[in-house]
Every structure is written in structure tokens, then in C-alpha cells.
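Please see the structure below; I have some questions.
The values are calculated or read from the model by the stated rules, or taken from the named source; none is laboratory data. The shown structure was predicted, so the numbers you read here are calculated from the model rather than taken from an experiment. Every residue, glycine among them, receives a Cβ derived from its backbone with ideal geometry; neighbour counts consider all protein chains shown. Note: areas computed on protein heavy atoms with side chains; ligands, DNA, RNA excluded. Shrake-Rupley method; radii C 1.70, N 1.55, O 1.52, S 1.80 Å.
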Amino acid sequence: MKLIEIPPGHVAEVVTYLDMREKPKPAPLPSAPLRLTRWQPVDLAKYRILFERVGAPWLWYSRLVMEDEALDAVINHADIRFYAVEDRRGIEVGMIELDFREAKQCEIQFFGLVPELAGKGYGRWLMMQTLALAWQPDIGRVHLHTCTLDHPNALAFYRKMGFVPRGRAIETFPDPRLAGILPHDCAPHVPILEG
């Protein structure tokens, strides 16, 4: 066994990469009081607010630290599709981001709902919607990754939806709470170790 020491002020996660190489068979869509709305073009300020609402509990921060020009180049790229999940009142409660930049592939870059909706079955509805959008006629592989900082059921959920693990990696990064990118009180399941 080899232990890898994590520098003070950093966080570590085990990342699992998952693939789906065949389009799922059609199945009835579970009911949900939600709808998808494609943002085109994507308003960067609105995007960052939703990104933080969905991702802060899992320490998503990558898009929060990007300069406007860099974020705009990614999120408004012709081969990126961004959808907000809205409730009946039109309030954004989730997001999916699909990346078609690599030929014959779709990467689910971001997928999630606000924490208040966890455990209510809406994740299945959202993934079925996501897969319907991802499996375009020329696509031969849909893939994503999850990590040990995500929801504890994320890996099992993706496997249940038909994704197959293909590899793992360990990632370390400076704790975004210490840098003031995310609030100190988010992700309480991950201790802050300042050094």
C-alpha cells in the first residue's frame, strides 16, 4: 500500500471515469415537475450562480475561477450544449452541460441538481433526458467522470444508469474554500485543513 501525502490547504479526490458505448433502450420517462431549458447564448453571471448553487456542496469550483473570456469560449462554443433544469416556477434547480467537441463522442461535463432535490428520484429523470440529448446519430460513446467528493451515491447511480467504469485517478487541488472561491461552510463532509 502506498499513501500519498496531501499538501496543507489542499483537497484530494479519487476520480472514476465512466463510459457508455451503446445507446440505452427506450424506457418510459419518470414523471418530474421539472423541465430543461437550453441557454443559448449562456449568460456567464447566471451560469456561475447556478454552477455554485448546484456544485458548492461537492466543491465544484473550476468554472468559478475562469476569466470571462475563457469561460465564454468554452460555454458558448458551438459544440457545447448547456441546459438549465427549472422547476414549475421557472427557478433554476439544476444543470447539464454536454460537450460534443470530440468527434463521435459526448462528454457529460456537468450534471447535477441542487441539494434540496437529492433523493427524490429526479436524478433518474434528468439522466434519461441527458442521455436522450447526448446520443446524437453519429455518437458512439457517452462518457463522464465522478469523484469521491461528489454525492455518496453518484458512482452507484451512474453505474445503474448503464455507465461502465474504465479508469481511476487521484486529483489534488488547493481547497477553494481557503481561497475564498467557495464559502467556508460548503461541503462540511470535507474537512478544511489549513496546515
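Once neighbouring chains are kept in place and the probe is 1.4 Å, which whole percent of the accessible area of the chain is contributed by carbon and sulfur?
Carbon and sulfur atoms account for 53 percent of the accessible area of the chain.
Does the stretch 1-80 come out rounded, prolate or oblate, given a ≥ b ≥ c as the square roots of the eigenvalues of its C-alpha gyration tensor, rounded meaning a/c under 1.5 and, failing that, prolate meaning a/b above b/c?
oblate
Please give the charge dipole size of the stretch 29-85, origin at the Cα centre, charges +1 on K and R Cβ atoms and -1 on D and E Cβ atoms. Round to the nearest 20 debye.
Computed charge dipole of the stretch 29-85: roughly 380 debye.
Another question, then. Using Cα pairs closer than 8 Å and at least 6 residues apart in sequence, work out the relative contact order for the chain, in percent. Don't jump to the answer; show the numbers that get you there.
On the way: 293 pairs, mean separation 71.4, N = 195.
For the chain, the relative contact order is 37 percent.
Related question: What does the accessible area per residue of the chain come to in Å², with a 1.4 Å probe and no ligands, DNA or RNA counted?
So the chain comes to 57 Å² accessible per residue, rounded to a whole number.
Something else now. With each run of n ≥ 4 DSSP H residues scored as -39500 (n - 2.57), what mean residue ellipticity at 222 nm is computed for the chain after dividing by its residue count and rounding to the nearest 500 deg cm²/dmol?
That calculation yields -6000 deg cm²/dmol at 222 nm.
So, one more: Compare the Cα positions of Gln136, Ile181, Leu149 along the charge dipole of the stretch 107-193 (+1 at Cβ of Lys, Arg; -1 at Cβ of Asp, Glu; about the Cα centre) and return the one farthest towards the positive end.
Gln136
Percent antiparallel among DSSP beta bridges with both residues in the stretch 87-164, to the nearest 5? Please report the intermediate quantities before stating the final value.
On the way: 6 of 9 bridges.
The answer is about 65 percent antiparallel.
Provide the packing ranking of 22-32, 133-143, 51-61, i.e. peptides ordered by the mean count of other C-beta atoms within 10 Å per residue, highest first. Please list the in-between numbers first.
Values: 22-32: 10.7, 133-143: 15.7, 51-61: 20.6.
Descending packing order for the listed peptides: 51-61, 133-143, 22-32.
Okay, moving on. For the stretch 46-175, with only Lys/Arg (+1) and Asp/Glu (-1) charged at the beta-carbon, what is the dipole magnitude about the Cα centre, in debye rounded to 20? Write out the running numbers ahead of the final one.
Values: 16 positive and 18 negative charges, 147 e Å.
Charge dipole of the stretch 46-175: 700 debye, to the nearest 20.
So how far apart, in nm, are the two label points at Ile49 and Asp68 if each is 7 Å from Cα heading toward Cβ?
Spacing of the two 7 Å Cα→Cβ label points: 1.6 nm.
Could you rank the peptides 151-164, 4-17, 102-115 by their average count of other C-beta atoms within 10 Å per residue, with the highest value first?
102-115, 151-164, 4-17
Tell me, what is the percent relative contact order of the stretch 9-118, built from C-alpha pairs under 8 Å that lie six or more residues apart?
For the stretch 9-118, the relative contact order is 24 percent.
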